[in-house]
1. Residues being of a type in the set (A, V, I, L, M) and under 14 Å from the mean Cα position of the chain (by Cα): count how many of those fall in segment 129-153.
2. Any residue in segment 77-101 that is at positive phi sitting within a Cβ distance under 9 Å of a residue that is not basic (Lys, Arg)? List the pairs, counting only those 6 or more apart or interchain.
3. Filter segment 180-199 down to the residues that are of a type in the set (S, T, N, Q) and open to solvent by less than 90 Å² (accessible area, probe 1.4 Å), then identify the one that is farthest from Leu6 (Cα to Cα).
4. Whether any residue in segment 36-45 is farther than 21 Å from Val137 by Cα and under 17 Å from the mean Cα position of the chain (by Cα) is what I want to check.
5. Out of Glu40, Glu18, Glu31, report the one residue that is open to solvent by 90 Å² or more (accessible area, probe 1.4 Å), under 24 Å from Phe188 (Cα atoms) and in contact (Cβ under 8 Å) with a residue 12 or more places away in the chain.
6. May I ask you to verify whether Thr70 is open to solvent by 80 Å² or more (accessible area, probe 1.4 Å), over 19 Å from Asn135 (Cβ atoms) and in contact with a Leu (Cβ under 7 Å, 6 or more places away or on another chain)?
7. Could we say that Val57 is open to solvent by 60 Å² or more (accessible area, probe 1.4 Å) and hydrophobic (A, V, I, L, M, F, W, C) here?
Amino acid sequence: RENELLKLDDLVKARFVEMFGTVYNNKFGYEIKTLQDVCEQIKDGTHQTPTYTEDKVNGYKFLSSKDVTTGKIDWTHLKYIPEELHNELYARIAPKKDDILLAKNGTTGIAAIVDKDEIFDIYVSLALLRPVEINSVYLWAAINSVETKQQFDSSLKGIGVPNLHLGEIKKARIIVPPMKEQEQFAAFVEQTDKSKFVVQQQLAELETLKKSLMQEYFG
């Protein structure tokens, strides 16, 4: 089941190249644009080290690059910040559904879509990209493609912890096919996600069974 999940991820990447080619060969003659061209805004989160709170009821969710390392937002292990700090940060960046979060410090170049309406703030290790006149799912796949990762890797700054600067993110180049083709690809990703959900459920059931048997046999 775990191998099946990996193969489904590979399937999406293979389908992307099959449908659109690459920036370097552009075999279908699509437009080539920079990320700045297709985004209304590209900003990173707060540069100040936040004061966290254990109050999950009155606190606000706070995301960093560690929360997007799988290409999906992991909403289960978040930190929280107090309301006063949230109000300050939210006035500058107010993430919304279908925005893209891109890891720019540490684990770099991995993007995730904001997949639900949720109020939260982000740290400097994340950049927020707000798509304009481009399908969010398509943009997510384009950013996570091998060739975009190569563009990012060639521009990493700093010694030690990798750091991807906003300027380098903005000038990364991607293929931009017509919207109809973007939406066809997005529908394919949605169907693949449904298959992944079924596999993940099966994995969870197997893990529960394993724990049950361990308890039964070994106490």
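The values are calculated or read from the model by the stated rules, or taken from the named source; none is laboratory data. Just so we're clear, the structure is a prediction, and the values are computed from it rather than from any experiment. Neighbour counts run over all protein chains shown; Cβ positions are idealised from the backbone, glycine included. Only protein heavy atoms, including side chains, enter the accessible area calculation; ligands, DNA and RNA are left aside. Shrake-Rupley method; radii C 1.70, N 1.55, O 1.52, S 1.80 Å.
1. Going residue by residue through segment 129-153, those that are of a type in the set (A, V, I, L, M) are 129, 132, 134, 137, 139, 141-143, 146.
Then keep just the ones that are under 14 Å from the mean Cα position of the chain (by Cα); that gives 129, 137, 139, 141-143.
Of the residues in that region, 6 qualify.
2. Within 9 Å, the pairs are Asp98/Ile113; Asp98/Val114; Asp98/Asp115; Asp98/Pro131; Asp98/Ser136; Asp98/Val137.
3. From segment 180-199, those of a type in the set (S, T, N, Q) are 182, 184, 191-192, 195; that's our starting set.
Keeping just the survivors that are open to solvent by less than 90 Å² (accessible area, probe 1.4 Å) gives 182, 192, 195.
Details: Gln182: 23, Thr192: 12, Ser195: 12 Å.
My answer is Gln182.
4. Quick first cut of segment 36-45, residues farther than 21 Å from Val137 by Cα only: 45.
Those left that are additionally under 17 Å from the mean Cα position of the chain (by Cα): 45.
Looking for residues that are farther than 21 Å from Val137 by Cα and under 17 Å from the mean Cα position of the chain (by Cα), one finds at least one in segment 36-45, hence yes.
5. Working: Glu40 fails: under 24 Å from Phe188 (Cα atoms); Glu18 fails: in contact (Cβ under 8 Å) with a residue 12 or more places away in the chain.
Unique residue meeting the criteria: Glu31.
6. Numbers: open to solvent by 80 Å² or more (accessible area, probe 1.4 Å): yes; over 19 Å from Asn135 (Cβ atoms): yes; in contact with a Leu (Cβ under 7 Å, 6 or more places away or on another chain): no.
In short, no.
7. Values: open to solvent by 60 Å² or more (accessible area, probe 1.4 Å): yes; hydrophobic (A, V, I, L, M, F, W, C): yes.
Yes.
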